[in-house]
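Read the structure below first, then the notes.
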Amino acid sequence: MCVRRSLVGLTFCTCYLASYLTNKYVLSVLKFTYPTLFQGWQTLIGGLLLHVSWKLGWVEINSSSRSHVLAWLPASVLFVGMIYAGSRALSRLAIPVFLTLCNVAEVIICGYQKCFQKEKTSPAKICSAFFLLAAAGCLPFNDSQFDPDGYFWAVIHLFCVGAYKILRKSQKPSALSDIDQQYLNYIFSVVLLAFASHPTGDLFSVLDFPFLYFYRFHGSCCARF
């Protein structure tokens, strides 16, 4: 059992890191800096895969109640902000820097639980939160490739992540399962990002992308899943 858990954990960590490496390659090496289209594509494919799995009976999705959908709408807005800001930040920051900043979201959650929900927090968890905050605070002063815009979008990303997790936890127990919530996130993201692609200029600027028909670009987008 221990070996099996280790293999599952190792597989998850490998896939998790590979997804960031793939995204970083598309965003920084190929310079596909059109986040509404890039994230819209990813959420569209994610939504389609969930929908097909639902129709095949592999997963169960129950999001037909309008009241439940409306109650989850603020979380979906935060989800869009999270993936959009994360894409903008990752295109400008190194992966270790980006992940270190992302960890500060746990500090936000810990602070909220301690100050507003009056939950008991172990000293070890408080120390861990301080170390995460200190590590993130030292980064701008030790980053040889410091990019203000990258840090700006990273801060927005981590606040969206923290707020999303807090809101998600505050709605438990919820009539929506984790799959229901993710399915709604995907649908809302595709719609909102599609409408946002024109005002942001991504819709027409992408036509000038030099690797639009490059097999490595297509392969990297597909490898993300």
> Has the range 189-198 got any residue that is assigned to a helix (DSSP H, G or I) and either of a type in the set (Lys, Arg) or farther than 24 Å from Leu50 by Cβ (or both)?
Replying inline: no
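Regarding the range 81-103, can at least one residue be identified that is among the aromatic types (Phe, Trp, Tyr) and surrounded by fewer than 19 Cβ atoms within 10 Å (Cβ to Cβ)?
Filtering the range 81-103 for residues among the aromatic types (Phe, Trp, Tyr) gives 84, 98.
The next check asks that each one be surrounded by fewer than 19 Cβ atoms within 10 Å (Cβ to Cβ); those that pass are none.
Within the range 81-103 (the criterion being among the aromatic types (Phe, Trp, Tyr) and surrounded by fewer than 19 Cβ atoms within 10 Å (Cβ to Cβ)), the answer is no, since none of the residues qualifies.
Which residues, counting only those in the range 45-71, are part of a loop (DSSP other than H, G, I, E, B), among the aliphatic types (A, V, I, L, M) and crowded, with 16+ Cβ neighbours inside 10 Å? Break it down into steps so the answer makes sense when it comes.
In the first step, residues of the range 45-71 are kept if they are part of a loop (DSSP other than H, G, I, E, B); the result is 56-65.
Next, only the ones that are among the aliphatic types (A, V, I, L, M) stay: 56, 59, 61.
Once the filter is applied, which keeps residues that are part of a loop (DSSP other than H, G, I, E, B), among the aliphatic types (A, V, I, L, M) and crowded, with 16+ Cβ neighbours inside 10 Å, the range 45-71 yields Val59, Ile61.
The rows are residues; the columns are (1) without any contact (Cβ under 8 Å) to a residue 40 or more places away in the chain; (2) among the hydrophobic types (A, V, I, L, M, F, W, C); (3) surrounded by 17 or more Cβ atoms within 10 Å (Cβ to Cβ).
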{"residue": "Lys118", "(1), (2), (3)": "yes, no, no"}
{"residue": "Pro123", "(1), (2), (3)": "yes, no, no"}
{"residue": "Ala129", "(1), (2), (3)": "yes, yes, yes"}
{"residue": "Ala134", "(1), (2), (3)": "yes, yes, no"}
{"residue": "Gln145", "(1), (2), (3)": "no, no, no"}
{"residue": "Pro148", "(1), (2), (3)": "yes, no, no"}
{"residue": "Phe159", "(1), (2), (3)": "no, yes, yes"}
{"residue": "Gly162", "(1), (2), (3)": "no, no, yes"}
{"residue": "Asp180", "(1), (2), (3)": "no, no, yes"}
> What are the residues in the range 77-128 that are touching a helix residue (DSSP H, G or I) at 6+ places or on another chain (Cβ under 8 Å) and either among the aromatic types (Phe, Trp, Tyr) or not in a helix (DSSP H, G or I) (or both), if any?
Replying inline: Phe79, Tyr84, Ser91, Arg92, Leu93, Phe98, Asn103, Tyr112, Glu119, Thr121
>> Quick check on the range 16-44: of everything there that is more than 13 Å from the chain's Cα centre (by Cα) and of a type in the set (S, T, N, Q), which residue is surrounded by the most Cβ atoms within 10 Å (Cβ to Cβ)?
In response: Thr36
> Across the range 140-161, what is the total count of residues that are modelled with pLDDT of 85 or more and under 15 Å from Leu99 (Cβ atoms)?
Replying inline: 8
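The values are calculated or read from the model by the stated rules, or taken from the named source; none is laboratory data. These figures come from a predicted structure and were not determined experimentally. We place every Cβ from the backbone using ideal geometry, glycine too, and count neighbours over all the protein chains shown.
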